[in-house]
Amino acid sequence: MTGRSLRAFALSSGLSALLIAAPAQARTIQVPWSDRPLDLRAIIVFFVVLLAALAVTHWASRRSRSAADFYASGGGIMGLQNGLAIAGDFMSAASFLGIAGLVFAVGFDGLIYSVGFLAGWPIVLFLVAERLRNLGKYTFADVASYRLRQVPVRCLSACGSLTVVAFYLIAQMVGAGKLIELLFGLPYEGAVGAVGILMIIYVMFGGMVATTSVQVVKAVLLLSGATFMAAAVLWLVRFDLDALFGRAIAAHPHGAGIVAPGGLVSDPVSAISLGVALMFGTAGLPHILMRFFTVSDARQARRSVVFATSFIGYFYILTFIIGFGAIVLVTNNPAFYDAAARLIGGGNMPALHLANATGGSLFLGFIAAVALATILAVVAGLTLAGAFAISHDLYASVLRRGQATRREELRISRFATVALGLVAIGLGLVFEDQNIAFMVGLAFAVAASANFPVLFLAMFWRRLTTRGAVYGGFLGLGTAIVLVILSPTVWVSVFGNAQAIFPYQYPALFSVAVAFLGIWVFSITDRSAAAAAEARAFEAQFLRSETGIGADGAVSY
Amino acid sequence: MPKSFNFSDPPFDCLTPAEQELVRSSLDIAFFAEGEQIIGTDVPSEHLYVVIKGYVEERDGEDVVAICGPDDVFDARGLVMGDASHNSFVVREEAICYVLPKSVVLDLTKANAAYGAYFYQDLSQKLSRLSERSRARELNWLMMARVRDAYIHPAYYVEATDTVRTAGREMRDRKVNALIVRNGARSGIVTGMNLTKALVLDEQPLTAPIGDFAHFDLVTVRADEFLYNALILMTRHSIRRVVVVDEDDQIIGTLDEIDLLSFLSSHSHLISVQLERAHTLDEMKAVSARMDELVASLHVQGVKIQFIADLVTELNRKLMAKLFHHLATPEIVENTCLVVMGSEGRGEQILRTDQDNGLILRDGVEIPGLEEFCGCFSQGLLEFGYPPCPGNVMVTNPEWTRPLSGFRQEIYQWIRKPSGPGNLNLAIFYDAIAVAGDASLLDTAKSYMFDLLADNDAFYAHFARTTEAFQTPLGLFFNLIVQRGDEGDMVDLKKGGIFPIVHGIRSLALQQRLKETGTIARIGRLRGQGIIDRALAEELIEAFNFMMGLRLKSRLARIAVRKPYDNLVNADDLSTVERDLLKDALYVVKRAKDLVRHHFHLGLF
């Protein structure tokens, strides 16, 4: 297998050399399904890099280590590795394509997402990571049901997780669809369908794994691609940021407005609301919380957050540079606009155009392949989390009341994977023109409204009861979803109404408040004996979450 | 050469063009009149029939169980099973049939797996069919066994003039229950029961001559007589032992009913008895040397692998206990617990592979001569043919010979501060079984282990990860992945199949805090708790046993040519059926690994 991936590498580098050496002729190809010529070299590079990336990930995720002794692999994953893996899971296509697109469109305010995404990490570090590892739980539902009643809590957590996964998947689908559309000139519907099916195949035949090593490979690819692109931009301005901003102001239709706040989020309610979503959402993302399951101990859990935060912070600085680079190099280049003066591929594609502008079609193909590989890897993690929520929480715990065998559960999780893929295709079509960083923002809003309050209070508030968690959690989730539907994003853009009922695009400020309030009210008014028992169980759980010590007497043997 | 033969119906639909040609060239067409019997009940069928026209009844005795019409095939089962007790086939309406010779059919089942699969349906049926055949063979073997194959007590002689007391002492010292009494040229027998009767019921003095109580009308049997004749003899004369003689009617010894029955039921009793009688290291060594023979003979007889494993485990443990008691001072017996771990603890070590043992010492007791004892014990096992453990899990290693409190500290480390070596040690220790000494020491250590195991899912996930350490050698297209070696294409049964089952099941069992140590027992309990469903549990046990059997077969073959054995089997040596069964078994392993991966969320690592 090593041989094969090496061959793939040799092939890719050989091909690249060939392509660089080749004369400029036959660079484009006219295809019947598109009215613009396609960049053949970019397409070849795209396939070569994508296949190489898949080969490397396959090699990296191989379970078998020929030389390894039987138990050499034990002991868990170390902080640096896991930090990279978390970064890989977190840095989705949204971050890369979406933030660059936002900065390209509005300048400075695009940074609000970068900062917000980053600001969630201290919360994960201080409140969640170590405790999750000490409790040794896989999902936040496992944490919450430590002392609360399984069935209702799992029902809530499954709904919350699935909504988050759905929003997150939309962003990945839109990103991938647009990317394929741009590269191959396919109609968007076809592109999304093809990508969706590719994703299902990838997850199913990949053995339902979102291994640490896959995410590590992906994070390294993405970081190096982005670094290269940012370096190319900086090199063009001779590493003079003033020059970069100056040329951007000169090029952008908003002029000096792009270096001032207010371009994207103009009123304080929206700003705070978005901030709340991004800050508290990270700690409620199911596929991120899962990552603390694999580290060897609480110390490594902390370390991995620190590493992840560093990588993610670095990456967002890059996206900012890439965004401004795109303003300079893409805005006034007619090659990237169609006849109606619209940016080809829509508002999510400036990063790819920038790749083309800095490194030509070779680099375009490379970045597109990296972006797609990124999307596939993120989808694998998301689908794993979503399929688990369906098969374990909804099916085994809620529907079958714990009577399902593991094999049935496994079968359901396979169906769930396909179903999630199909749902993602459908939603991807509906939300075609949305900025994908914005869609991810919505996923964060839901996570912050439904998952985070329950997880947070389950770990820190003695008087949390099942009733409080479930009522409050569902209130938060419902509020978030309803407000999103009534917001301009869906009410106007998708349903085509003239005026949105809810004026703000970001629901989190309201829905998070509703969730906390609901949980508090329904918990303190719960006078049942079960509630008292749940409060009594808090001590043991708290001790364990803080120290990792404490036996569990509930299991009889 | 009928061109019109229909190759689109099973089982002919899976034949290659060349095989189709073979079928075509071997086909005949036969006409049968109404009422004619095509296949009789007691005559093995020599052909496979495919109906072209007309109807044929399948009868079980007088009852019609099925009717074969055009394109139907009969009698596939009778042909492959080769037994004579099948149903009969009688023409109901004059019929024309294709006739395919049995040899062609059998060749095809061997050459073409899919075609063969028609005859052997799923793994479970196939395996049970194999074991049915084995059972028949076993029965046959028992019927063929000779008296000399069973354990014959050596003849110990007393003179007829010796006293009852002398005879009694002789019986005690020799640990026998019957003595041959010599009275001039005549020989008789006296048993413990005779002595008891004489002393208790007839109130004879201890000084009475033994000749008065002996029976001189000996019931004898020749050593080369069939064993079941000895049994018939005992039944006819209502006696519990017969005297065994050679061709010249010279007494060799006695055959006890109990030994005969044990032999017929297990054959192992012999070794067990020998073991009990062994007093010196050399005697024990001689017994241990016979164990491989026992395994080989049981295997050749077709005895089920699980049964062999149980038996050998029992004997191994007895041998170790014997050695322990032989070498240990009373203080050691009193204050330590000898445990065996790993495969020996699980009872899955059929041929001696290595020593996996340890000693738990009572806290606060100073035991003189302990180190020397450990050295002798290990050396003794080495001489018996148990090589040292490569991981040094042995009593000679202070890591594994330590006071209970030391074990508790270790267990604490394994569970609270998980690491690769810690997980390995925990896995080894979880399989531990007490063999000699004070078993409560191991019980205490194990309850401490169970107490420490919290419901920390991440811990179990880390523990279970090793299940996935090795690839299952089954390709995407159900092909066997082999390692090219000097001696041909090899398959590693341990890494590919046995270890994943053992460790996956061990991980699930540890999480459920099961006390069983054997893999099959654990599977049974996990099934009872709804962790594994019934079908998978059964298939897992079958797959596990099949691979253990295959490994045993390969190891015995290597022992026969005096080569060191390992976990590899040569794929070229496998028969087609074995190959298919191995693939089926590996497929079961793959599914079990999927389940373990899902259960412990290993997809994330």
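So which of A:L135, A:L198 is within 14 Å of another protein chain (Cβ to nearest Cβ), among the aliphatic types (A, V, I, L, M), farther than 19 Å from A:G281 by Cβ and more than 16 Å from the chain's Cα centre (by Cα)?
Unique residue meeting the criteria: A:L135.
Please verify whether A:Y471 is of a type outside the set (S, T, N, Q) and closer than 26 Å to A:G386 by Cα, treating the condition exactly as stated.
yes
Here is a yes/no grid of residues against (1) over 28 Å from B:V577 (Cα atoms); (2) out of contact with any Asp or Glu (no Cβ under 7 Å at 6 or more places or on another chain); (3) modelled with pLDDT of 85 or more:
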residue	(1), (2), (3)
B:A33	yes, no, yes
B:I39	no, no, no
B:D63	yes, yes, no
B:C68	yes, no, no
B:G82	no, yes, no
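What are the residue pairs meeting all of these: first residue in segment A:337-355, first residue under 19 Å from A:I43 (Cβ atoms), second residue among the acidic types (D, E) and surrounded by fewer than 24 Cβ atoms within 10 Å (Cβ to Cβ), Cβ atoms under 6 Å, and 6 or more apart or on different chains?
From residues that are under 19 Å from A:I43 (Cβ atoms), the pairs are A:I344/A:D338.
Pick out the one residue from A:L477, A:L486, A:L509 that is in contact (Cβ under 8 Å) with a residue 60 or more places away in the chain and farther than 17 Å from A:V265 by Cβ.
A:L477
Just checking: which of the helices (runs of 4 or more DSSP H) contained wholly in segment A:201-294 hold 1 or more residues that are within 14 Å of chain B (Cβ to nearest Cβ)?
A:212-236, A:286-289
Just to be sure before I move on: is B:A178 on the phi < 0 side of the Ramachandran plot and at pLDDT 85 or above in the structure I sent?
So B:A178 passes the test.
Can you tell which of A:I412, A:I390 is in contact (Cβ under 8 Å) with a residue 60 or more places away in the chain and either under 25 Å from A:N451 (Cβ atoms) or in contact with a Gly (Cβ under 6 Å, 6 or more places away or on another chain) (or both)?
A:I390
Given the conditions (1) crowded, with 24+ Cβ neighbours inside 10 Å; (2) more than 14 Å from chain B (Cβ to nearest Cβ); (3) more than 28 Å from A:P187 (Cα to Cα), report the number of the one that A:G386 does not fulfil.
Result: A:G386 fails condition (2) only.
Do you know which residues across segment A:487-506 are on the phi > 0 side of the Ramachandran plot and at pLDDT 85 or above?
Result: no residue meets the conditions.
Any idea which of A:A371, A:A355 is modelled with pLDDT of 85 or more, surrounded by 24 or more Cβ atoms within 10 Å (Cβ to Cβ) and under 19 Å from the mean Cα position of the chain (by Cα)?
Within the list A:A371, A:A355, the selection yields A:A371.
How many of the residues making up segment B:346-399 are touching a Ser or Thr at 6+ places or on another chain (Cβ under 7 Å), small (G, A, S) and surrounded by fewer than 18 Cβ atoms within 10 Å (Cβ to Cβ)?
So the count comes out to 3.
Looking only at segment B:476-489, count how many residues are out of contact with any helix residue (DSSP H, G or I) (no Cβ under 7 Å at 6 or more places or on another chain) and modelled with pLDDT of 80 or more.
4
Residues that are away from chain A (no Cβ under 11 Å), at least 3 per element: which helices (runs of 4 or more DSSP H) completely within segment B:405-493 meet that?
Once the helices (runs of 4 or more DSSP H) in segment B:405-493 are filtered for at least 3 residues that are away from chain A (no Cβ under 11 Å), what remains is B:439-452.
Filter segment B:320-374 down to residues that are in a loop (DSSP other than H, G, I, E, B) and of a type in the set (D, E, K, R), then give me how many there are.
Number of matching residues: 7.
Of everything in segment B:553-605 that's surrounded by fewer than 20 Cβ atoms within 10 Å (Cβ to Cβ) and of a type in the set (S, T, N, Q), which residue is nearest to the other protein chains (Cβ to nearest Cβ)?
Out of the qualifying residues, it is B:N567.
Name, by its number, the condition in (1) assigned to a helix (DSSP H, G or I); (2) surrounded by fewer than 20 Cβ atoms within 10 Å (Cβ to Cβ); (3) among the basic types (K, R) that does not hold for B:R513.
Result: B:R513 fails condition (1) only.
Can you tell me which residues in segment B:486-530 are of a type in the set (S, T, N, Q), in contact (Cβ under 8 Å) with a residue 60 or more places away in the chain and farther than 16 Å from B:G549 by Cβ?
Result: B:S507, B:T517.
Condition check: touching a Lys or Arg at 6+ places or on another chain (Cβ under 9 Å), under 19 Å from B:E516 (Cβ atoms) and not polar (S, T, N, Q). Does B:D457 satisfy that?
Taking the combined requirement at face value, the residue does not satisfy it.
Give the residues of segment A:277-305 that are over 13 Å from A:L132 (Cα atoms) and surrounded by fewer than 24 Cβ atoms within 10 Å (Cβ to Cβ), sorted by residue number.
A:M279, A:R303
Picking from A:I99, A:I123, which residue would you name as being surrounded by fewer than 22 Cβ atoms within 10 Å (Cβ to Cβ), modelled with pLDDT of 85 or more and touching a helix residue (DSSP H, G or I) at 6+ places or on another chain (Cβ under 7 Å)?
From the options A:I99, A:I123, the qualifying one is A:I123.
A:T28 is checked against (1) modelled with pLDDT of 85 or more; (2) farther than 30 Å from B:D594 by Cβ; (3) of a type outside the set (K, R) and fails just one. What number does that condition carry?
The number of the failed condition is (1).
Taking the condition of a type in the set (D, E, K, R), at pLDDT 90 or above and assigned to a helix (DSSP H, G or I), does B:E578 pass?
No; evaluated as a whole, the condition is false for this residue.
Please verify whether B:I501 is crowded, with 22+ Cβ neighbours inside 10 Å and either within 24 Å of B:F307 (Cβ to Cβ) or more than 14 Å from every other protein chain (Cβ to nearest Cβ) (or both), treating the condition exactly as stated.
yes
Write out, first by first residue and then by second, each pair whose Cβ atoms fall under 8 Å of each other, whose residues are 6+ apart or on separate chains, and whose first residue, in segment B:200-218, is in a loop (DSSP other than H, G, I, E, B) while the second is hydroxyl-bearing (S, T, Y).
Going by the 8 Å Cβ cut-off, the qualifying pairs are B:L206/B:T163; B:T207/B:T163; B:A208/B:T163; B:F216/B:S187; B:L218/B:S187.
The values are calculated or read from the model by the stated rules, or taken from the named source; none is laboratory data. Quick caveat, the model's predicted, so the values are computed rather than measured. No Cβ is skipped: glycine too gets one built from the backbone with ideal geometry, and neighbour counts run over all protein chains shown.
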